[in-house]
């Protein structure tokens, strides 16, 4: 009896080659399996996203990665037009400032004597150490900016961080928010007080200043950007609040408008029992270490997100289950090698 074989591309062996580019290595890895193949597919989707002229790119940057030598990668993505909107955690958008101020983090070990580190004035981020007094210098720097604002005025995180970025730029402090402000890339931080920004607000409060960060205003300003968008592509480094905030861009912007219809946006998806407009993300890439079976959003698959109207099943989406400190440098290096020139970032009316 003849053996029946499934049709499909054969798995290729990865062979060692001298002087091979990262991009070429990922191309070879695309013919393998497991997360190596997924990482290669993420690179392919990123390139498609960047080459699509109708796509607005939103980047979610979660966790505390700026302590691990990653923030200049985000700066590169901004400077080369690869990010149109950035949503980050307060940690990622503040801890980079420590290094940018000239206080580098140092390599350590996860097998440290943590009590001794505490006594010596160090905080540990797994195998990276940072001095607490350097961290406090950064927090006090933020408080100095706060004291120049209008007490009691309601700021969105975008307004607050744009002003802060310009302020840092004048001081020649090259952080993510300063690079973003220079290139007029809007930055949102929905959980901003859960970070040194909240601590800086406490310092300002001790001096009689009331900083008001308006979360509703933030959400409205974020959703209003949908009026200027045709299609969207999303990149998630980690998950958490940044991922959820960006995912909602596809499904809840219509609630801001009469009839639940976003002015100017076309080809909405509809579902039974609602008049809401849905505009699923055309492309999506995520690097995460969280798995889906626990039900949390950080590990939620893009296939599951299709049921919410957040992802387009006909678009391109890939998730790689990998440490971001491994995947992010590889993906970005491959992207740099595959992009002949800077991507033309979109400009925003009113920003």
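Since every read-out is calculated from the coordinates, none of them should be taken as a lab result. No experiment lies behind these values; they were computed from the predicted model shown. Cβ placement follows ideal geometry from the backbone for every residue including glycine, while neighbour counts extend to all protein chains displayed.
Figures for the structure shown
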quantity: Residue list for segment 199-218, filter: in contact (Cβ under 8 Å) with a residue 12 or more places away in the chain, out of contact with any helix residue (DSSP H, G or I) (no Cβ under 6 Å at 6 or more places or on another chain) and in a helix (DSSP H, G or I); calculated: 201, 215, 217
quantity: Segment 271-301: number of residues that are surrounded by fewer than 23 Cβ atoms within 10 Å (Cβ to Cβ) and not in a loop (DSSP other than H, G, I, E, B); calculated: 4
quantity: Residue under evaluation residue 83, criteria (1) crowded, with 18+ Cβ neighbours inside 10 Å; (2) part of a helix (DSSP H, G or I), criterion not met; calculated: (2)
quantity: Count - residues of segment 51-66 that are over 15 Å from the mean Cα position of the chain (by Cα) and buried (at least 19 other Cβ atoms within 10 Å of the Cβ); calculated: 1
quantity: Residue in segment 303-321 that is in contact with a strand residue (DSSP E or B) (Cβ under 6 Å, 6 or more places away or on another chain), in contact (Cβ under 8 Å) with a residue 12 or more places away in the chain, part of a loop (DSSP other than H, G, I, E, B) and more than 18 Å from residue 48 (Cβ to Cβ) present; calculated: yes
quantity: Elements of type helices (runs of 4 or more DSSP H) contained in segment 103-198, each with 3 or more residues being buried (at least 17 other Cβ atoms within 10 Å of the Cβ); calculated: 132-146, 157-170, 176-182
quantity: Any hit, segment 29-36, residues being within 22 Å of the chain's Cα centre (by Cα), surrounded by 13 or more Cβ atoms within 10 Å (Cβ to Cβ) and outside any loop (DSSP other than H, G, I, E, B); calculated: yes
quantity: Complete set of residues in segment 109-127 that are under 29 Å from residue 162 (Cβ atoms) and touching a strand residue (DSSP E or B) at 6+ places or on another chain (Cβ under 9 Å); calculated: 123
